[in-house]
1. For region 100-125, name all the residues that are under 29 Å from the mean Cα position of the chain (by Cα), farther than 19 Å from Trp90 by Cα and charged (D, E, K, R).
2. Return the residues of region 125-139 that are of a type in the set (Phe, Trp, Tyr) and at pLDDT 95 or above; say none if nothing qualifies.
3. Kindly list, by first and then second residue, each pair from a residue in region 31-52 that is without any contact (Cβ under 8 Å) to a residue 60 or more places away in the chain and assigned to a helix (DSSP H, G or I) to a residue that is of a type in the set (A, V, I, L, M, F, W, C) and surrounded by 10 or more Cβ atoms within 10 Å (Cβ to Cβ), limited to pairs with Cβ atoms under 8 Å and residues at least 6 apart or on different chains.
4. Taking Asp75 and the conditions (1) surrounded by fewer than 10 Cβ atoms within 10 Å (Cβ to Cβ); (2) over 30 Å from Val141 (Cβ atoms); (3) of a type outside the set (Val, Ile, Thr), which numbered condition does it fall short on, given that it satisfies the others?
5. Counting only residues that are at pLDDT 85 or above and under 21 Å from Leu38 (Cβ atoms), which one in region 1-16 is farthest from the chain's Cα centre (by Cα)?
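The values are calculated or read from the model by the stated rules, or taken from the named source; none is laboratory data. What you see is a predicted model; the values in this text were computed from it and never measured. Cβ placement follows ideal geometry from the backbone for every residue including glycine, while neighbour counts extend to all protein chains displayed.
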Amino acid sequence: MSSELENIQGMGVAELAARSGEELAKLEKEVERGLSHLAVQKEWLASVIAYKYVFKASQIRAQLQQEFGEISFEDEGVRVLVDLPREVSWDQQKLKAIAQRIQEQGEDPSEFLDVHYSVPQEKFDRWPQEVRRSFEPALQVKPGRCTYQLVGG
């Protein structure tokens, strides 16, 4: 990392903004390279830590009969927290069939299931205008996060 990059936080916004686009692009590229390098280092270190503790964590999970969730143990004065989240997913087609059976039995599927409706933008864009018009009252559009990218330099 260049000394100039190390000092940019101490500079005023106006001072930095007064620089040429080329200079800002160079600084941005340097930051991106640094972030990329740090991300690789972080991932490598996470792999090393997992390698070091996976066996002990597995033993503790077996003793506790705890397949998922957070466990902890000590290693030479350092508390090691190991979290294995339980990720649940549901087969949407099967749930749809179940909801249909519930409804056929005279029950309200909403008492058992949460339903989330969405329309893929690609499908919406391909629909005929009259179909789109019927959906437009339900369409809500809000701006995302604006980004700026400097190319060149």
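1. Selection gives Glu122, Lys123, Asp125.
2. Trp127
3. Pairs found: Val31/Leu5; Gly34/Met1; Gly34/Leu5.
4. Here Asp75 clears every test but (1).
5. The residue in question is Gly10.
Listed here are the residues, each with its yes/no results for (1) of a type outside the set (Val, Ile, Thr); (2) closer than 30 Å to Thr147 by Cα; (3) out of contact with any Asp or Glu (no Cβ under 6 Å at 6 or more places or on another chain); (4) exposed (fewer than 10 other Cβ atoms within 10 Å of the Cβ).
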| site | (1), (2), (3), (4) |
| --- | --- |
| Gly10 | yes, yes, yes, yes |
| Val13 | no, yes, yes, yes |
| Glu23 | yes, yes, yes, no |
| Gly34 | yes, yes, yes, no |
| Ile60 | no, no, yes, no |
| Leu64 | yes, no, yes, no |
